[in-house]
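Here the structure comes first, spelled out in C-alpha cells, and everything after it is commentary.
The values are calculated or read from the model by the stated rules, or taken from the named source; none is laboratory data. Owing to the predicted nature of the structure, the values given are computational and were not obtained by experimental measurement. Methodologically, a virtual Cβ is constructed for each residue, glycine included, from the backbone with ideal geometry; neighbour enumeration extends over all protein chains shown. All accessible areas refer to the heavy atoms of the entire protein, side chains included, with ligands and DNA or RNA removed. Shrake-Rupley method; radii C 1.70, N 1.55, O 1.52, S 1.80 Å.
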Amino acid sequence: LENEIGYDSDDNSKYGVDGELYFLRNTCHKLESGKYEYEVCVFGKATQRDIGQSSGGTHLGSWETVDVDEHGRRTFKWGKGTKCWNGPVRSAEVAVTCGAETRVLTADEPETCRYVFTMESPIG
C-alpha cells in the first residue's frame, strides 16, 4: 500500500499526512446548479457543462493541491482552466466539511471565472 500511496522527496504522501485521501483517488462528484452541471474529479479535473451534456464542457482547472488550515479543514484546489474571454483563467476550489458520504453540496461563482464549491466527506 505504501508504494501505491507514494511519497514525495519530503516523505509527504500525495494522499494526505496519513493517506486519508487515498480512497478519493479516481473519484468524480457532480452537482446540478442552475443551468449547469459541475463535476469535480479529485486528483483530476473540474468541469462545467450545460445540464444534459454528457461530455466536453468548460475546463475549470486541473488538480493542483489540497490545503489544510490550522483547524484541520481541507480545501481542494484546481487551476489553469480555460481562459475567460474577458478575464482570468478559470479556477475552482472545494471546501470540505464533515459528512457521512462524499458529495458536492453547493456551487458558486463569487468572482468572474473563480468557482467555489462545498463538499461533505468522511475526511472533513
- Task: Search the range 19-56 for residues being aromatic (F, W, Y) and open to solvent by 50 Å² or more (accessible area, probe 1.4 Å), and hand back the single one that is modelled with the highest pLDDT.
- Result: Y36
- Task: Tell me which residues, restricted to the range 67-77, are open to solvent by 60 Å² or more (accessible area, probe 1.4 Å) and of a type outside the set (K, R).
- Result: D67, V68, E70, H71
- Message: Condition first: farther than 15 Å from W78 by Cα and assigned to a loop (DSSP other than H, G, I, E, B). Now tell me which residues in the range 40-52 satisfy that.
- Response: I51, G52
- Just one of the numbered conditions (1) closer than 23 Å to G19 by Cβ; (2) among the acidic types (D, E); (3) touching a Lys or Arg at 6+ places or on another chain (Cβ under 8 Å); (4) loosely packed, with under 14 Cβ neighbours inside 10 Å is not true of E64; which one? (4)
- Message: Please pick out the residue among E32, E37 that is touching a strand residue (DSSP E or B) at 6+ places or on another chain (Cβ under 7 Å) and in a strand (DSSP E or B).
- Response: E37
- Message: If I filter the range 81-124 down to residues being hydrophobic (A, V, I, L, M, F, W, C) and assigned to a loop (DSSP other than H, G, I, E, B), which single residue comes out as most open to solvent (accessible area, probe 1.4 Å)?
- Response: W85
- Task: Find the residue count for the range 57-69, including only residues that are in a loop (DSSP other than H, G, I, E, B) and at pLDDT 90 or above.
- Result: 1
